[in-house]
Structures are given as C-alpha cells and as structure tokens.
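To start, the structure under review is shown below, and the notes come after it.
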Amino acid sequence: MNKSMPDVVKADKPDYQGKLRWVGMDEVEVPVCVESSTGLSRIAAKANIYVNLIDENAKGIHMSRLFVAIKEGLQDKQISPIIIEDILEKFLASHEDISDQAKIEIQFDYLTERSSLLSGNSGWRTYPIHIIANKNRAEKAKIEMGIGIQYSSTCPCSAALSRQLNQENFLSKFGEKEQVSVEEISSWLRQKEAIAATPHAQRSLAKVFLEFKDEVKEFNFTQIINEIEKALGTPVQTVVKREDEQEFARLNAENLMFSEDAARRIQKHLNTRSDIKDFHGKVSHFESLHPHDAVCYFQKNY
C-alpha cells in the first residue's frame, strides 16, 4: 500500500528569504577504497558534503540525495579525481533548480607499510589524507589532495653551539699535549665524557595540499609520500634496530634544518613536477627547546 507522505522541503516556504553559502552534512561515515599491495582496500573515512542554496524561496536542500550520491560514488571504487568529479556532478544534478555549486571534503588515514633504514624490517604507518573539492555547474571541479607527513628536524643553531662546546671539551682534554695518537682520540670519542652537548631535535609535521592538472586520473598517495620524505631526508621510523637508529642519527646530522629549510625543500621538489597545477602547505616543528612551535607556510610561485 502506497501512502502519500508530506514533503516539507517542497511544500513549505522559508520563514526568511535568503541565499545560503553551503548546506549539507558534516562527518558522514563513508568507505574509501585505496590501492594496496593486495589490491583494493576499503578503509573508513568521514566526509563533509554540501551544495549552496541560491533559490531564496526554497525551504531547504535534499540532504538524503547527497548521502546516496556519495555512498554510491565511493563504494567499491578506487578514490580518484574522476570519482570525486562524478559525485559533485550528481550533487548538482539532484539540486538542479536550487543550487549551482557543490563541495566535498573527505578525510581518512592512509595505511602503508614502510621499510626500516638498514635492518630490513618493516612496519605500518598512517598518513592523514584530506581531499577538498569544489565545483561550479559550468566548470570542472577544483580538487586538492592534502597529506600529512611526519619527520625529524634537528636545529642548525643548536648543532653549531653543540659543536663549539664539543670542540672546547676536546681542547680541555688534549690541548696541553704536544702529540696525541689517533688511537687515544678514537678511544676517548667513544666515552660518554667526550660529548659535552647534543643539538635539540623534534618530531615535525608537513601538511601539503596539491592541485593536479586535469589529465591526472588518480591519486598516487605512496609516490607523493616517498618523494616528500626523500626531499626532507629524515622521515620518522617504525621498527628500529640499533643500526637503524644510528643511521637515523646520521641522517639528522646530514639534514639540519629550520622550518624554513624544510618548507623550501618541499617547495623545490614540488616545483619540478609537471603534473601539479598548484600547491601550498605548512611545516610545523614542535620545539623541544620552546613551549611553542616554529612554523612556515609555503606555496607555488611565491
């Protein structure tokens, strides 16, 4: 038996007329499929989904239509710019008379296995992904893919000051001797007393947002992670044996950096990629010396 049910959105008029910038839902629970070593993997994500409301006489939008469109669009399909564009088009098609813009934000943690530096072990890391997409009815969607990458940053200033104290410590030990053997110095350097100071370092975070050119058909998360971690030189590790920790210490000494250095490293690399239309980002060094953070913002062509 079919029965008529009231539709307030269609039947009622708004109490006050006016256009609205965005209307929709936040933190909608959705599945996202990403490529993995075993094929497509489904992971949990949350989405913010909206259309604007340009009909001043419309009581509201059809929220269930947005929900159905994103559920059907993401289910069992690898997330990609093409999929995102298609979902936005369905948002607009389902609100043809009252909206001319649509927006999606999707956030999830990308899980991938990472190898240790030297020992041959591996462990799992998660990288936060934030996709932001906007579409006007007459134009292609603007889609940004954001990613967060943790790394270690050792302060160049602290390293220089530490070297000075270590030099003074060496002169205090051997400065009055006319001759010192290599063996004596080598033996002393392995002792705790040989190190008068060490530079401060801290876990740091790079947040990078990329807008790819129209011909790019997929998000290659692993490739972006690999390239940015290589540019920085000191990504945080999972399984660490002694040889890995020693190598990590060596890499930190080789890659001393302020937040400005880290931002410029990422900026320099991304400028070499011909498939990126635009980018911007932020690096944060969670200082071990201070109770505040050192930060730097960067963008393309600035």
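The values are calculated or read from the model by the stated rules, or taken from the named source; none is laboratory data. What you see is a predicted model, and the numbers here were worked out from it, not measured in a lab. Backbone-built Cβ (ideal geometry, glycine too); neighbour counts: all protein chains shown.
Side notes on the structure shown:
- Residues being part of a loop (DSSP other than H, G, I, E, B) and within 22 Å of Ser41 (Cα to Cα) - total across the stretch 56-95: 5
- Filter result (under 15 Å from the mean Cα position of the chain (by Cα) and touching a residue at least 60 places away in the same chain (Cβ under 8 Å)) within the stretch 259-284: Ala262, Ile266, Leu270, Phe279, His280, Gly281, Lys282, Val283, Ser284
- Of everything in the stretch 264-302 that is aliphatic (A, V, I, L, M) and over 25 Å from Cys157 (Cα atoms), the residue that is surrounded by the fewest Cβ atoms within 10 Å (Cβ to Cβ) is Ile276.
- Residues that are of a type in the set (A, V, I, L, M, F, W, C) and under 17 Å from Cys296 (Cα atoms) were ranked within the stretch 246-263; the one that is surrounded by the fewest Cβ atoms within 10 Å (Cβ to Cβ) is Phe258.
- Single residue of the stretch 103-123 satisfying the filter (assigned to a strand (DSSP E or B) and of a type in the set (Gly, Ala, Ser)) that is nearest to Pro235 (Cα to Cα): Ser115
- Of all residues in the stretch 79-103 being under 16 Å from Ile147 (Cα atoms) and either in the same structural domain as Ala206 (by TED's automatic domain parsing) or of a type outside the set (Val, Ile, Thr) (or both), the one that is surrounded by the most Cβ atoms within 10 Å (Cβ to Cβ): Pro81
- Within the stretch 229-245, the residues that satisfy the criterion of being out of contact with any Pro (no Cβ under 8 Å at 6 or more places or on another chain) and either closer than 27 Å to Phe212 by Cβ or exposed (fewer than 13 other Cβ atoms within 10 Å of the Cβ) (or both) are Lys230, Ala231, Leu232, Gly233, Thr234, Pro235, Val236, Arg242.
- Of the candidates Lys217, Lys241, the single residue that is modelled with pLDDT under 95 and more than 17 Å from Pro156 (Cβ to Cβ) is Lys217.
- Out of Ser94, Ser119, sole residue that is in contact (Cβ under 8 Å) with a residue 60 or more places away in the chain, over 28 Å from Lys207 (Cα atoms) and touching a helix residue (DSSP H, G or I) at 6+ places or on another chain (Cβ under 6 Å): Ser119
- For the stretch 187-207, the set of residues classified as free of Cβ contacts under 8 Å to residues at least 24 places away in the same chain and among the hydrophobic types (A, V, I, L, M, F, W, C) consists of Trp188, Leu189, listed by residue number.
- Qualifying positions in the stretch 156-191 - touching a Phe, Trp or Tyr at 6+ places or on another chain (Cβ under 8 Å) and β-branched (Val, Ile, Thr): Val180, Ile185
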